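A quick write-up on the structure given underneath.
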Amino acid sequence: MEQPNIKYIEDVAGSDADFKANFIQILKMEFPDEFVHYKNMYAAKNYIETAAIVHKLKHKLNIVGLQDGYRMAVTYEEELKKGKDAMHTDFLPILEVAGAFISTL
C-alpha cells in the first residue's frame, strides 16, 4: 500500500509556514468528521450520501499523497451512486491509513 506524505502540502505552501500550518489544521479538523460520517452513512446504506462524502474524502487522499486511493475513490464514488458498495472493504483501509497519518501532523 502506498504511504501518505505531505509533499503536496509543501508544494502548495512553498515557504509560507503559516499557510502550511493552516492547511494542515483544516485537514486535521475536517478528515475525522468526514470519516465518521462516511462510516455512518455506509452503515445506514445511504449510498448517495456515502458517495457525497467519498467525493470530499478523495481530495484529502490526494492531498496526503495517496494517488492510488484517490483513483479508487473516483471509481467507488460512481459505484455508490449506482447503489453498489463492493469497493468498501478495499476503500476502508485507505481511509484508516490516511486518518492515522493526518492525526500525526
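Rounded to the nearest 500, what is the 222 nm mean residue ellipticity of the chain from helices alone, with -39500 (n - 2.57) per DSSP H run of 4+ residues and division by all residues? Please list the in-between numbers first.
Numbers: 5 runs with 83 residues, N = 105.
The per-residue figure over the chain is -26500 deg cm²/dmol.
Taking a cut-off of 24 Å between Cα atoms, list the lysines near LYS84, but don't count ones fewer than 8 places away on the same chain.
LYS39, LYS45, LYS56, LYS58, LYS60
Name the residue farthest towards the positive end of the dipole of the chain from the options LEU27, GLN67, VAL54, assuming +1 on Cβ of Lys and Arg, -1 on Cβ of Asp and Glu, about the Cα centre.
Projecting each Cα onto the dipole axis, the largest value belongs to VAL54.
Along the Cα-to-Cβ line of LYS7, 7 Å from the Cα, sits a label point; which residues in segment 52-96 have backbone N less than 11 Å from it?
65-67
Roll a 1.4 angstrom probe over the protein heavy atoms and tell me the percent of accessible area of segment 32-90 that is carbon or sulfur.
Using a 1.4 Å probe with all protein chains present, segment 32-90 comes out at 54 percent carbon and sulfur.
Given (1) 15, 36, 29, 16, 5, 0; (2) 13, 28, 20, 16, 12, 8, 4, 0; (3) 16, 48, 27, 8, 1 as candidate values of P(r) over Cα pairs in 10 Å bins from 0, in percent, which corresponds to the one derived from the coordinates?
(3)
Tell me, in nm to one decimal, what length is gained between LYS45 and THR89 on full extension, where the rule is 0.36 nm per residue of separation less the Cα-Cα distance?
Values: separation 44, 0.36 × 44 = 15.84 nm, distance 1.43 nm.
Net length gain for the segment: 14.4 nm.
Accessible area per residue for the chain in Å², computed with a 1.4 Å probe and the full protein assembly in place, what is it?
On the way: 5900 Å² over 105 residues.
I get 56 Å² per residue for this part.
Could you size up the charge dipole of the chain around its Cα centre, putting +1 on the beta carbon of Lys and Arg and -1 on that of Asp and Glu, and report it in debye to the nearest 20?
Numbers: 12 positive and 16 negative charges, 51 e Å.
With Lys and Arg at +1 and Asp and Glu at -1, about 240 debye.
The values are calculated or read from the model by the stated rules, or taken from the named source; none is laboratory data. Predicted model, so just to flag it, every value in this text is computed and none were measured. A quick note on method: Cβ atoms are made from the backbone with ideal geometry, for glycine too, and the neighbour counts reach across all protein chains shown. For the accessible areas, the whole protein counts, side chains as well, though only heavy atoms, and no ligand, DNA or RNA atoms are used. Shrake-Rupley method; radii C 1.70, N 1.55, O 1.52, S 1.80 Å.
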